Amino acid sequence: MLCLGVETSCDDTSLALVRDGELAGAVCASQVRVHALFGGVVPEVASREHGRLLGPLADLLFQEAGVRPGEVNVVAVARGPGLLGSLLVGVSFAKAFAFSNGARFIGVNHLHAHLMAAGLEQPLSFPAVGLLASGGHTHLYAVNGPAEFTLLGRTLDDAAGEAFDKAGKMLGLPYPAGSMMDQLAEEGTADARLFPRPYLGNDNLDFSFSGLKTAMATRLADRPHTALRWNPATGEAGLPGNRQAVADICASFRLAVVETLAEKTRRALRRRPEAVSLILAGGVAANGLLRRSLARLAEEEGRRFFCPQPKLCTDNGAMIAWLGWLLAARGYSHSLAMEAIPRGRAVPDDMRHVEG
Ligand code: KG4
Ligand code: ZN
C-alpha cells in the first residue's frame, strides 16, 4: 500500500510517500526565511506560499521516487490543528488528488502524527506516555496505539516552543529562535536560579510557560547589553563581546523549560505505571538537553524511550504519510466532506472504520 502524506499546517510545505511501512520519498520547502522578515508566521503569506509550492513539490516527489501519481492508494493530510488558511490549501490539494486518482482519503491529527513519527525508525511499544512539545502545543498524552490518544495535560497559555521563540526574540534572535537558543545554550553555563520552574505547585499535568517571558524581560532589564544583533542579510547572529553572556542566559532559560517539562512528564509516568514507554515528539524534541533529560528520566522510571531524529521532530510530510498509512492499514478513512480544524478546536474523532 502506497500512502501520500501532505503537511501544510503552519509554515512548512511538505510531502512524503510511505510504501508498505517504509519511507519511499520526502520533499519539504520551509518558508522560514519569508516569515523571519516579519518576526513570526504571517498566516496569509503562509497560505499563498503553500498554494504556490504544493504542485511543483508533488512533481518533484514523484519524479525523485520514480512513482506515478496513479499508483497512490491512500492520501493522508494534516487536517489540524493549525492555521486554517494553510490547512485548507493542503486539505483541498489532498482531496483533489485522492478524487482524481481514485485513492482513499484520510485526515490525520497533526499532533498524533508528531507522536507516531519515531515509529518510522523503529517499532514503538504501547501503552506509552507521550510528550508533544512544539511551537503551538505542549500536550501530555496516554497513547495506546495510532488511533488511541487520551489527553492528560496541556499548556494553559504559551507552548514550550513559543516560550523559546518569544524569549529568543527578546535576545534579538531571528524567528523561530528555539534551535539557535539551543545551540547557544551548548556554549553557555546555566544558572539554575535565574528562571522559575513554572506551574509545578499543583497536582495536575498542565503547563504554563507565559510567565517565563516576563522573567526573561526582567533578567534583560538587569543586563542591558545582553541582546544579540542579528544581521538578516548574512544570517549571522552575535557580537563577539557579549556572545558568552547570551549563551549563559540561553542555557539558564533552556534548563528552566526542560526541567519543568521533565518534572510533569515524571508525574505522568508515575500515574501511568502500565506505560511501557515514553515518547518525546514535536519541534522542541529537537532540543539537545530535552532529549538527554527525558532519555535519563525514562531509564530512571524503567520505561523505553522513543524520540525521532531531529529532522522528523519538526513539521514534516513523512509523519503524516506514516500515520495515514498506519490508520489506513487498520481500515480507517474519511469521506471528502472532512473538515480542516483550526488551532483551538478539538480535532473530532470522525474517521470511518471498515472491518477486515
Ligand atoms: O513541531 P514544529 O516544527 O511546528 C509546530 O507544529 O509548531 O515546532 C516548531 C517549534 C518552534 O517553536 C521552534 O522554535 C521549536 O519548535 N524548536 C526548538 C528547537 N528546534 C525547533 N526549540 C528548542 N530547541 C530546539 N533545538
Ligand atoms: Zn508540528
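The values are calculated or read from the model by the stated rules, or taken from the named source; none is laboratory data. Quick caveat, the model's predicted, so the values are computed rather than measured. Glycine gets a Cβ as well: all are built from the backbone with ideal geometry, and neighbour counts include every protein chain shown.
Within the stretch 191-219, the residues that satisfy the criterion of being hydrophobic (A, V, I, L, M, F, W, C), more than 22 Å from the chain's Cα centre (by Cα) and either in a loop (DSSP other than H, G, I, E, B) or more than 25 Å from Asp248 (Cβ to Cβ) (or both) are Ala192, Leu194, Phe195, Leu200.
Residues that are assigned to a strand (DSSP E or B) and farther than 30 Å from Ala221 by Cα: does the stretch 248-267 have at least one? No: the stretch 248-267 contains no residue that is assigned to a strand (DSSP E or B) and farther than 30 Å from Ala221 by Cα.
Is it true that some residue in the stretch 285-300 is of a type outside the set (D, E, K, R), at pLDDT 95 or above and not in a helix (DSSP H, G or I)? Taking every residue of the stretch 285-300 in turn, at least one turns out to be of a type outside the set (D, E, K, R), at pLDDT 95 or above and not in a helix (DSSP H, G or I). Restricting the first member to the stretch 52-77 and to residues that are closer than 21 Å to Ala340 by Cα, and the second to residues that are among the aromatic types (Phe, Trp, Tyr), the beta-carbon pairs closer than 6 Å and six or more apart or on different chains are Leu54/Phe93; Val75/Phe97; Val75/Phe105. Summed over the stretch 110-155, the residues that are polar (S, T, N, Q) and either within 17 Å of the chain's Cα centre (by Cα) or within 16 Å of ligand 1 (Cβ to nearest atom) (or both) give a count of 3.
I want to confirm something. Restricting to the stretch 159-174 and keeping residues that are hydrophobic (A, V, I, L, M, F, W, C), assigned to a helix (DSSP H, G or I) and under 22 Å from Leu140 (Cα atoms), which single residue is nearest to ligand 2 (Cβ to nearest atom)? Applying the filter and picking the extreme gives Ala160. The residue that is farthest from ligand 1 (Cβ to nearest atom), counting only those in the stretch 54-87 that are out of contact with any Leu (no Cβ under 8 Å at 6 or more places or on another chain), of a type in the set (A, V, I, L, M, F, W, C) and not in a helix (DSSP H, G or I), is Val77.
Here Gly51 passes the criteria (1) among the small types (Gly, Ala, Ser); (2) part of a helix (DSSP H, G or I); (3) crowded, with 21+ Cβ neighbours inside 10 Å except the one numbered (3). Here Lys169 meets the list (1) over 18 Å from the mean Cα position of the chain (by Cα); (2) more than 13 Å from ligand 1 (Cβ to nearest atom) almost entirely, failing just condition (2).
I want to confirm something. Restricting to the stretch 1-37 and keeping residues that are touching a residue at least 24 places away in the same chain (Cβ under 8 Å) and over 26 Å from Ala103 (Cβ atoms), which single residue is nearest to ligand 2 (Cβ to nearest atom)? The qualifying residue nearest to ligand 2 (Cβ to nearest atom) is Asp11.
Of the residues making up the stretch 301-317, those that are assigned to a loop (DSSP other than H, G, I, E, B), out of contact with any Cys (no Cβ under 8 Å at 6 or more places or on another chain) and more than 13 Å from ligand 2 (Cβ to nearest atom) are Glu301, Gly302, Arg303, Gln309. Within the stretch 28-44, the only residue that satisfies the criterion of being out of contact with any Gly (no Cβ under 7 Å at 6 or more places or on another chain), farther than 18 Å from Glu162 by Cα and crowded, with 16+ Cβ neighbours inside 10 Å is Ala29. Note on the stretch 1-38: among residues that are over 19 Å from the mean Cα position of the chain (by Cα) and at pLDDT below 95, the one that is nearest to Gln63 (Cα to Cα) is Val34. Within the stretch 275-333, restricting attention to residues that are of a type in the set (Gly, Ala, Ser) and without any contact (Cβ under 8 Å) to a residue 40 or more places away in the chain, which residue is nearest to ligand 1 (Cβ to nearest atom)? Among residues in the stretch 275-333 that are of a type in the set (Gly, Ala, Ser) and without any contact (Cβ under 8 Å) to a residue 40 or more places away in the chain, the one nearest to ligand 1 (Cβ to nearest atom) is Ser293. For the criterion of being modelled with pLDDT under 95 and of a type in the set (A, V, I, L, M), Leu261 fails. Cβ-Cβ contacts under 7 Å between residues 6 or more apart (or on different chains), taken from a first residue in the stretch 95-124 that is of a type in the set (Phe, Trp, Tyr) to a second residue that is in a loop (DSSP other than H, G, I, E, B) and surrounded by fewer than 21 Cβ atoms within 10 Å (Cβ to Cβ), are listed as Phe99/Leu336; Phe105/Leu336. Within the stretch 89-137, restricting attention to residues that are within 22 Å of Phe306 (Cβ to Cβ) and part of a strand (DSSP E or B), the residue that is nearest to ligand 2 (Cβ to nearest atom) is Leu132.
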